[in-house]
1. Mind checking the full-extension length gain between ILE101 and TRP206? Use 0.36 nm per residue of separation minus the Cα-Cα distance, one decimal, nm.
2. For a footprinting-style exposure proxy, rank MET175, MET1, MET300, MET251 by other Cβ within 10 Å, fewest first.
3. Is the C-alpha gyration tensor of the chain telling us rounded, prolate or oblate? Criteria: a/c under 1.5 is rounded; beyond that, a/b larger than b/c is prolate, otherwise oblate.
4. Report the extension gain between ASP303 and LEU108 in nm, rounded to one decimal, defined as 0.36 nm multiplied by the number of residues separating them, less their alpha carbon distance.
5. Got the relative contact order for segment 1-120 handy, in percent, Cα pairs under 8 Å and 6 or more residues apart?
6. With an 8 Å cut-off on Cα pairs and a minimum separation of 6 or more residues, tell me the relative contact order of the chain in percent.
7. In nm, to one decimal, how far is the GLN264 label point from the GLU119 one, both placed 7 Å along Cα→Cβ?
8. With a ≥ b ≥ c taken as the square roots of the eigenvalues of the C-alpha gyration tensor of segment 2-155, please select rounded if a/c is under 1.5 and otherwise prolate if a/b is larger than b/c or oblate if it is not?
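Just so it is clear, none of the values below were taken in a lab; they were calculated from the coordinates. Because the structure is a prediction, the values reported are computed rather than measured. Don't worry about glycine lacking a Cβ; one is built from the backbone with ideal geometry, like all the others, and counts go over all protein chains shown.
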Amino acid sequence: MSIFGISIELHVTFILLLVILLGYGWFTAGFISGLKLVLLFVLLFAVVVSHELVHSGVAMLWGIKVPKITLLPIGGAAHVELPEKPHIELIVAVSGPLFNIVFAFFVLVLLWFAYPGAELFPDADLLKMSDAILSFDGLLRFLLHINIVLAVFNLLPIFPMDGGRVFRAILALFMDYARATAVAANMGQYLSLFMVFAGILLPNLWIILIGALIYMAAGQELRVVRLRHALAGLSLGDAAVRDYEFVHESMSLSDFMENAIKPQLSYYPVVDASGAVVGMFNPELVEGSAGGGSSVGEFMVRDYVTFSSSDIVSDKLLGILDKSFVFVEEGGKIIGYITPEYLSALARFREIRGSAI
Ligand SMILES: [Zn+2]
């Protein structure tokens, strides 16, 4: 099935869930009850798919590709290829629960007008609930209920659920994206374990299942930490980019653009009058409004650390991810540099090479 070019896939466990529900209804209250129960869940998942389509639609507005949505028994997952931009992630993450809130609001208004004074929430018993959706007020009450539950549940700050993504996006405004992911994913794992315990105490199988699945999903996103493994054993001297050219901090931007710029280089270590490295210059970061009279020094990034070439990358990983770039020195001389982006690329390369051979 495909909507707006997004293919919607039913996970095999989702089909299994429907079969189990049919069986459960059938054996406890007859075949028709089984069918009603299936209908109840199809309705629930229609709302879940709408929620995912809203995420996807908003992501697509930003030009982000959404190849597919997978439906699992516990909900849906849109495969959004988000760039590491916190504000876009924030908007995309918030859009799904916002859809449910707006939906719930309209249903509530409809209920108020059509059935003033009526009970707002459906019966807690699944079979009674599935009976009730065949009437209009029962249907409205069910829709109100699931939209509120979906909004609240998805907004819990448990990464990688929507609320957790919002949390990560906010963290990412203050720290490196990879670190924000690690913090949010770690917290997501603790909270999901807490969910599993709560589910055991209640006891509620659904909460246990959801907690376990979130735990795993957070673990997947912790893949960032795999950088550490992909780069294991590598020294900073091995990893350093050695292809660069120094520029003088007093060099004017117009001189730089005319004489010093090399298309193959994106970073230029900046030296002061004494020849000491004082920062890093990235021509892409120069604002369009900057006049040619401005100097390279005005636009250089000073947020750096210097590590020794014999330091091990995985030991210094957090320190490297914390900074815009790292200079690598050997015997008191700068022999290269590393950026977090470059490390990721290097990790991918090493993973591909490792799996291909
Ligand atoms: Zn969502």
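1. Length difference between fully extended and current span is 35.6 nm.
2. MET1, MET175, MET251, MET300
3. It comes out prolate by the Cα gyration axes.
4. Going from the current span to full extension adds 65.0 nm.
5. Contact order relative to length: 24 percent.
6. It comes to 11 percent, rounded to a whole number.
7. 7.5
8. Oblate, since a/c reaches 1.5 and b/c is not below a/b.
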